Amino acid sequence: MAFGNDPHTMNTAHAHAAHMDVGLRQYMLKVYNYMASGIALTGVVAFAVSQSPAMLQLIFGTPLKWVVMLAPIGFVIFLSARINKIAAGTAQALFWVFAALMGASLASVFIMYTGESVARVFFITAAAFGGLSLYGYTTKKDLSGFGSFLVMGLIGIIIASLVNIFLQSSAMQFVISVVGVLVFAGLTAYDTQRIKAIYSAADSQQTGDKKAIMGALALYLDFINLFIMLLHLFGGSRD
């Protein structure tokens, strides 16, 4: 019987760990690149639409606004349900379409708030998101236990936001925004750790690409919603 550590086994384990570490960094870089590209596309489309009175009238002055507002939700549901049955290229194309539609629906941001405040809140969001995502990536603490509470908070925000469409209460909007910042801050760290954890389950290059797209979608939604909540709190209105 041999005692102690087998050098060959240790070397193999170290080589495997090093390979996983490099692969994980490349995978997470792909996730962040997809997410950042999606946000950039959303911003370009939102700004372009906001500068076109004809497009604004077409989108927000007709029933088409409901299509533009609800279509991104449909894309998220479709991608989540069909991601395992569609090709990686199709998933990527759907992600770009989703980001463009989100841009069209967010064009009103440039109408409601001053450009200076939009830029300021965007950089605040980017800094906060970066710190929270870095925490989720590096922390040894298991954040999975917070997932159910964050989802419950998200559902509460959605319900309260729908109710406030009819109430138009500024006090309620303030509370929704404060809670929303906390929820999406938590989701940013939680989703980052979750995306990191599922990396090893990717059993092929195409599966890995599709998981990277779904990871990018989750972080994209966290960023956009965190940005909107902060904009409600700190954005300078044009009125």
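Taking each residue of the range 111-138 that is within 15 Å of MET28 (Cβ to Cβ) and looking for partners that are at pLDDT 95 or above and of a type in the set (Val, Ile, Thr) with beta-carbon atoms closer than 7 Å, six or more apart or interchain, yields PHE129/THR188; LEU132/THR188; SER133/THR188; SER133/THR192; GLY136/THR188; GLY136/THR192; TYR137/THR192. If we scan the range 55-69, do we find a residue that is crowded, with 16+ Cβ neighbours inside 10 Å, small (Gly, Ala, Ser) and either over 26 Å from ALA126 (Cα atoms) or in contact with a helix residue (DSSP H, G or I) (Cβ under 8 Å, 6 or more places away or on another chain) (or both)? For the range 55-69, residues crowded, with 16+ Cβ neighbours inside 10 Å, small (Gly, Ala, Ser) and either over 26 Å from ALA126 (Cα atoms) or in contact with a helix residue (DSSP H, G or I) (Cβ under 8 Å, 6 or more places away or on another chain) (or both): absent.
Set side by side, the residues LEU187, LEU231 differ, and just one is in a helix (DSSP H, G or I), of a type outside the set (D, E, K, R), in contact with a strand residue (DSSP E or B) (Cβ under 7 Å, 6 or more places away or on another chain) and surrounded by 18 or more Cβ atoms within 10 Å (Cβ to Cβ), which is LEU231. Scanning the range 43-52 finds one or more residues that are crowded, with 18+ Cβ neighbours inside 10 Å, over 16 Å from TYR220 (Cα atoms) and in contact (Cβ under 8 Å) with a residue 60 or more places away in the chain.
A quick yes/no check of all residues on (1) closer than 27 Å to GLY43 by Cβ; (2) at pLDDT below 95; (3) of a type in the set (D, E, K, R):
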site: ILE124; (1), (2), (3): yes, no, no
site: PHE129; (1), (2), (3): yes, no, no
site: GLY136; (1), (2), (3): yes, no, no
site: LYS140; (1), (2), (3): no, yes, yes
site: VAL151; (1), (2), (3): no, yes, no
site: SER161; (1), (2), (3): yes, yes, no
site: LEU167; (1), (2), (3): no, yes, no
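Of everything listed in (1) part of a helix (DSSP H, G or I); (2) farther than 21 Å from GLN193 by Cα, the single unmet condition for LYS85 is (1).
The values are calculated or read from the model by the stated rules, or taken from the named source; none is laboratory data. What you are looking at is a predicted structure, and each value in this text was computed from that prediction instead of being measured. All Cβ positions, even for glycine, are placed from backbone atoms using ideal geometry, and neighbour counts span all protein chains on display.
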